[in-house]
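Engineer: I am attaching a structure below and will ask some questions about it afterwards.
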Amino acid sequence: MNIEEPADEIQILGLECYGHHGVFDFERREGQKFIIDLVIGTDSRKAAATDDLQDTVDYGSLAMAVKTNVERDPVDLIETLAQRIADICLADIRALWVRVTVHKPGAPIEATFKDVTLTITRRQST
């Protein structure tokens with residue numbers, strides 16, 4: 001990390017959503033729980049100085065936007081879902097980068113497992 005780059009992070013962890021994503025018909029029909037973790041890189045100095053919500057990433061609104069998106073418009077792959085979520089986060093120019101983890105604990109795997117996850121990191125386009 002560049003010494004000039006802010007190291008501030010906003011985290012939304014364990015955002016529970018119910019979606020109909022997956023490659024199998026039963027996943028699309030029945031749906032399942034998805035858990036989303038977001039880490040948003042930002043510069044919080046202006047918000048700290050002004051104490052104004054307009055100067056920071058509004059994590060409440062962001063969480064609801066992500067939840068709404070996950071719960072509609074099914075996709076086959078969690079890779080596609082993660083990218084859509086990253087795009088939502090980066091629509092706010094105060095989000096310098098985002099790390100999105102999509103958890104799919106009910107993935108259709110014929111073995112005992114705790115979770116399936118995909119994590120992506122994306123930056124603002126320059």
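Engineer: I want to check a number: in the range 8-123, how many lysine pairs have alpha carbons closer than 20 Å, given a sequence separation of 8 or more or different chains?
Structural biologist: Value for the range 8-123: 5.
Engineer: Moving on to the next point. Going through the range 16-111, which chymotrypsin sites (Phe, Trp or Tyr not before Pro) have at most 12 other Cβ atoms within 10 Å and a DSSP loop state?
Structural biologist: 24
Engineer: Mind pulling the angle between the C-alpha long axis of helix 59-70 and the longest principal axis of the chain? Nearest 10 degrees, somewhere in 0 to 90.
Structural biologist: Roughly 30 degrees between the two axes.
Engineer: Per q in 0.20, 0.24 1/Å, what log10 I(q)/I(0) does a Debye calculation on the alpha-carbon atoms of the range 8-123 return?
Structural biologist: -1.01, -1.35
Engineer: What is the sum of charges, Lys and Arg at +1 and Asp and Glu at -1, for the other residues whose Cβ falls under 10 Å from the Cβ of residue 20?
Structural biologist: Net charge around residue 20: -1.
Engineer: Please identify the longest segment of the chain free of exposed trypsin sites (Lys or Arg not before Pro), where exposed means a DSSP state other than H, G, I, E or B and no more than 12 other Cβ atoms within 10 Å.
Structural biologist: 1-71
Engineer: Still on this structure, please answer the following. As I understand it, the value is the acute angle between the Cα axis of helix 78-90 and the longest principal axis of the Cα atoms of the chain; what does it come to in degrees, rounded to 10?
Structural biologist: It works out to around 20 degrees.
Rule-based calculations on the coordinates, nothing more; no lab input. Everything numeric here is computed off the predicted structure, so don't read it as measured data. Because the Cβ atoms are built from the backbone with ideal geometry, glycine has one as well, and the counts that use them run over all protein chains shown.
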